[in-house]
1. Of the residues S158, S198, only one is in contact (Cβ under 8 Å) with a residue 24 or more places away in the chain, within 16 Å of C71 (Cα to Cα), out of contact with any strand residue (DSSP E or B) (no Cβ under 9 Å at 6 or more places or on another chain) and open to solvent by less than 10 Å² (accessible area, probe 1.4 Å); which?
2. In the set A128, A165, which member is hydrophobic (A, V, I, L, M, F, W, C), without any contact (Cβ under 8 Å) to a residue 12 or more places away in the chain and open to solvent by 20 Å² or more (accessible area, probe 1.4 Å)?
3. Select, from A44, A69, A40, the only residue that is open to solvent by less than 40 Å² (accessible area, probe 1.4 Å), in contact with a helix residue (DSSP H, G or I) (Cβ under 8 Å, 6 or more places away or on another chain) and under 21 Å from L152 (Cβ atoms).
4. Spot the failing condition for A45; the list is (1) in contact with a His (Cβ under 7 Å, 6 or more places away or on another chain); (2) assigned to a helix (DSSP H, G or I), and only one is missed.
5. Please go through region 69-117 and pick out each residue that is closer than 28 Å to L138 by Cβ, in a helix (DSSP H, G or I) and without any contact (Cβ under 8 Å) to a residue 60 or more places away in the chain.
6. Please report, ordered by residue number, the helices (runs of 4 or more DSSP H) entirely within region 139-227 with at least 3 residues that are within 16 Å of the chain's Cα centre (by Cα) and at pLDDT 90 or above.
7. Looking at L223, L152, which one is among the hydrophobic types (A, V, I, L, M, F, W, C), touching a helix residue (DSSP H, G or I) at 6+ places or on another chain (Cβ under 7 Å) and within 26 Å of L50 (Cα to Cα)?
8. Any idea which of (1) aliphatic (A, V, I, L, M); (2) at pLDDT 95 or above; (3) open to solvent by 40 Å² or more (accessible area, probe 1.4 Å) is the one L51 doesn't satisfy?
Amino acid sequence: MTRILCIDDEPAILRLLEVVLGRGGHAVTGARDARSALAAIGRAAFDAILLDLGLPDRDGLELLGTLKATCNAPVIVVSARSDVAEKVAALDLGASDYITKPFEGDELLARVRVAIRSNGHAQGRSEAIEHGPLRMDLGMHTLHVEGREVTLTPKEFSVMRELIAAGGRVLTHGALLETVWGKAHRDDVEYLRVVIRSLRLKIENDPSAPLHIRNEPGIGYRLAAHG
């Protein structure tokens, strides 16, 4: 079952989205403001995000930029704003699609399917990469450490994927930031440090003395060698 985060300050719209998306086999998490939405993506990975632009605590377009910088899920704007300039701005900021309220349920479901498929979330496909005790299934979006499954956020998954694929080679801060967050964030090293700290808490027996993710001071990160 795919997981959809719906961000809208109107309870009636959230209930409608839950019904419509549930009919399409999706599990829905609702958020009524930007703060709740960011907390939700910090706790779990989502296959798609539906975003209303009229939020009480933050401009929707500003939140869209933050969402694209912190997670890999496609973002579909669902808004009553029909101005062409708003649509262009949302698409330029990385929105996968823009749907104007009121919407037809079947059209919404179709656009969600297209966004998820285009984002590479094909169902049932398995492609595994490994490094020592770390095994990642790219299709199923899972990580196992010595046989134990670890739940990752989208950014954590992407950073871990790059490290495993590198096979123990050092990846510079800039290379990881550009690959995972995009060229505009190549110098935002604190983004990467936050994710690495979170990964160590999840996969290391002692995060203060990490055995898996090694730091190369002033350069970047690598995984420990395994013979």
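1. Numbers: S198 fails: open to solvent by less than 10 Å² (accessible area, probe 1.4 Å).
Answer to the check: S158.
2. Details: A165 fails: without any contact (Cβ under 8 Å) to a residue 12 or more places away in the chain.
The match here is A128.
3. On the way: A44 fails: in contact with a helix residue (DSSP H, G or I) (Cβ under 8 Å, 6 or more places away or on another chain); A40 fails: in contact with a helix residue (DSSP H, G or I) (Cβ under 8 Å, 6 or more places away or on another chain).
Result of the check over A44, A69, A40: A69.
4. (2)
5. Once the filter is applied, which keeps residues that are closer than 28 Å to L138 by Cβ, in a helix (DSSP H, G or I) and without any contact (Cβ under 8 Å) to a residue 60 or more places away in the chain, region 69-117 yields L91, A110, R111, V114, R117.
6. On the way: elements: 154-166, 173-180, 189-203.
Passing ranges, in order: 154-166, 189-203.
7. Numbers: L223 fails: within 26 Å of L50 (Cα to Cα).
Sole residue among the options that is among the hydrophobic types (A, V, I, L, M, F, W, C), touching a helix residue (DSSP H, G or I) at 6+ places or on another chain (Cβ under 7 Å) and within 26 Å of L50 (Cα to Cα): L152.
8. That leaves (3) as the condition not met.
The values are calculated or read from the model by the stated rules, or taken from the named source; none is laboratory data. These numbers were taken from a predicted model, which means no experiment stands behind them. Neighbour counts run over all protein chains shown; Cβ positions are idealised from the backbone, glycine included. With ligands, DNA and RNA removed, areas are computed over all heavy atoms of the protein, side chains included. Shrake-Rupley method; radii C 1.70, N 1.55, O 1.52, S 1.80 Å.
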